[in-house]
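Participant: One structure, as structure tokens, below. Some questions next.
What follows is calculated from the coordinates using simple rules that are stated; it is not laboratory data. A quick note: this is a predicted structure, and the numbers were derived from the prediction, not measured. Ideal geometry is used to build each Cβ from the backbone, glycine not excepted, and the neighbour counts take in all protein chains shown.
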Amino acid sequence: MIDQFNKDNIKILQELGYEVHVATNFENPGTITSERSNQLKKYLEKEKVKYYQVDFDRNPLNLTEFKKAKRQLRQLSGVNDYEFVHLHSPIGGIIGRIIFGKSKTKVIYTAHGFHFFKGAPLKNWLIYYPIEKYFSRCTDILITINAEDYNFSQKKLKAKRTEFINGVGVDTKLFKQFSEEEKEKIRNKNGFNNDDFLLIYVGELSQRKNQDYLIDVMSEIKKKEIKLLLVGKGPLEETLKQKVKEKNLEENISFLGYRSDVSDLMGMSDVVVSASKQEGLPVNLIEGLCEGKPLIVSDCRGNRDLVEDGVNGFVIGEYSDKNFSDKVFELYYSDRKRNEFSYESIGISKKYDIKYVHKQMLEIYKCEDV
């Protein structure tokens, strides 16, 4: 979907004199609500951006929707003489390069985290790597957002040009370090006590984000003051809620759903956590950095770009309930360590500000390959 990153890209392109069109799946917007999708359409109308419904599906095996989206995009290409296209998502990237890859239209593709990576299942390498390698040959600029993908692309893929940007960028002005009084007020509003030690995980409730593992971690912790907040919606919501009920963890784990006040929720929390199996460069962790939070994360690509073990948080090398819970307790019992990590997180966050990413994208859009 068209998030803050692409809103900023639209602004850059308009300032450069381009007319901008957007093609995406507004009717099935994935991890955001239909209300948010409608708000995006209103935003595009206000900014005089033409938009089109294209039925991109997140499931690569849904061949019916794949063919439909391909047909829809081909129709757009036939009536609009595009100078270049900027593609996002694996499915959008494939269909876009099928349509535009051999035309005079230049192709930019942002890889928000390849599905093949160190530690990925063999099937990911057998399926996704050959596809990306093949389509990289018709990619004028490949944009990567983490070190692992960038280094791999330089060595193994065939794009004419490969760039590395600092993620999608966040507006750091929207985030701050909350005073104790502010934290107390927000906690009271959301039904939490001052004595609660709050862990927060923002993300789609899915196998990839791996909230299931954190439920096991909370079962290992067994301390009533330590609570986990799961923010987001997704296909595993009911399954995860049932597991929480079976483990009698209703008092320790809260499902908060999709929220527009993530900044406040992070602000009132003590530690930002992630158990993800796969990331590009996770915005939820960047937001945690901006709010000066210590982080405890799984050792996956993207997570380890943002968290330096023992500096601004902990990187858990194995999916061990005890390893993770031990680090939670270490921060729970040490104000000094939390404060040290907090200071480091604030410093690290600065290079992920949207202003910095804006400059990187401006240079890409102005380069000779576009």
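Participant: Can you give me the C-alpha center-to-center distance between segment 152-183 and segment 8-70, rounded to a whole angstrom?
Facilitator: Segment 152-183 and segment 8-70 have Cα centres separated by 21 Å.
Participant: Within a 10 angstrom radius of the beta carbon, how do 21, 112 rank from fewest other beta carbons to most?
Facilitator: Working: 21 15, 112 20.
Listed from fewest to most nearby Cβ atoms, that is 21, 112.
Participant: What shape does segment 105-149 have by the C-alpha gyration tensor, where a ≥ b ≥ c are the square roots of the eigenvalues, rounded means a/c under 1.5, and otherwise prolate means a/b greater than b/c and oblate the rest?
Facilitator: On the way: a/c = 3.40, a/b = 1.53, b/c = 2.23.
Taking the square roots of the gyration eigenvalues as a ≥ b ≥ c, segment 105-149 is oblate.
Participant: Using modelled backbone amide H atoms (1.01 Å from N, in-plane), which distant-in-sequence or interchain residues come within less than 5 Å of residue 313's amide H?
Facilitator: It is 295, 308, by chain and number.
Participant: Relative to the Cα centre, what is the charge dipole magnitude of the chain, using +1 at the beta carbon of each Lys and Arg, -1 at the beta carbon of each Asp and Glu, and rounding to the nearest 20 debye?
Facilitator: Working: 59 positive and 56 negative charges, 307 e Å.
Rounded to the nearest 20 debye, it is 1480 debye.
Participant: Right, next: From the phi angles alone, apply the Karplus equation (6.51, -1.76, 1.60; θ = phi - 60°) to segment 78-84 and give each ³J(HN,Hα) in whole Hz, x where the residue is Gly or Pro.
Facilitator: x, 10, 10, 8, 7, 6, 8
Participant: Let me ask something else. Within a 10 angstrom radius of the beta carbon, how do 103, 37 rank from fewest other beta carbons to most?
Facilitator: Numbers: 103 13, 37 18.
Fewest-to-most Cβ neighbours within 10 Å comes out as 103, 37.
Participant: If each residue's Cβ is checked for other Cβ atoms within 10 Å, how do 138, 300, 367 rank with the fewest at the top?
Facilitator: Numbers: 138 18, 300 25, 367 12.
So the ranking, lowest neighbour count to highest, is 367, 138, 300.
Participant: Mind sorting out which of (1) 1.13; (2) 1.02; (3) 0.96 is the real Cα Rg over 2.2 N^0.38 Å computed from the coordinates?
Facilitator: From the options (1) 1.13; (2) 1.02; (3) 0.96, the structure gives (2).
Participant: Let me ask you something else. Hey, got the dipole for segment 218-337? About the Cα centre, +1 on K and R Cβ, -1 on D and E Cβ, debye to the nearest 20?
Facilitator: On the way: 18 positive and 22 negative charges, 58 e Å.
Roughly 280 debye, rounded to the nearest 20.
Participant: I'd like the Karplus ³J(HN,Hα) series for segment 140-156: coefficients 6.51, -1.76, 1.60, θ = phi - 60°, whole numbers in Hz, and an x wherever there's a Gly or Pro.
Facilitator: So the J values, rounded to whole Hz, are 6, 9, 9, 9, 10, 10, 8, 5, 4, 5, 5, 5, 5, 5, 4, 8, 10.
Participant: To the nearest 20 debye, what is the magnitude of the charge dipole of segment 174-235 about its Cα centre, counting +1 on the Cβ of each Lys and Arg and -1 on the Cβ of each Asp and Glu? Write down the numbers at each step before the final one.
Facilitator: Working: 12 positive and 11 negative charges, 39 e Å.
Rounded to the nearest 20 debye, it is 180 debye.
Participant: Report, by chain and number, residues whose modeled amide H sits under 5 Å from the one on residue 228, excluding near sequence neighbours (fewer than 5 apart, same chain).
Facilitator: 199, 253, 254
Participant: List the residues whose amide H sits under 5 Å from the amide H of residue 143, counting only those 5 or more places along or on another chain, with H placed 1.01 Å from N in the peptide plane.
Facilitator: HN-HN under 5 Å from residue 143: 109, 110, 111, 163.
Participant: Further question on the same structure: Taking square-rooted eigenvalues a ≥ b ≥ c of the alpha carbon gyration tensor, is segment 172-352 rounded, prolate or oblate, where a/c under 1.5 means rounded and, failing that, a/b exceeding b/c means prolate?
Facilitator: On the way: a/c = 1.32, a/b = 1.15, b/c = 1.15.
Rounded shape, in that the Cα axes give a/c under 1.5.
Participant: With θ set to phi - 60°, apply the Karplus curve 6.51 cos²θ - 1.76 cosθ + 1.60 along segment 266-272 and write out the HN-Hα couplings as whole Hz, x wherever there is a Gly or Pro.
Facilitator: 5, x, 7, 8, 9, 9, 9
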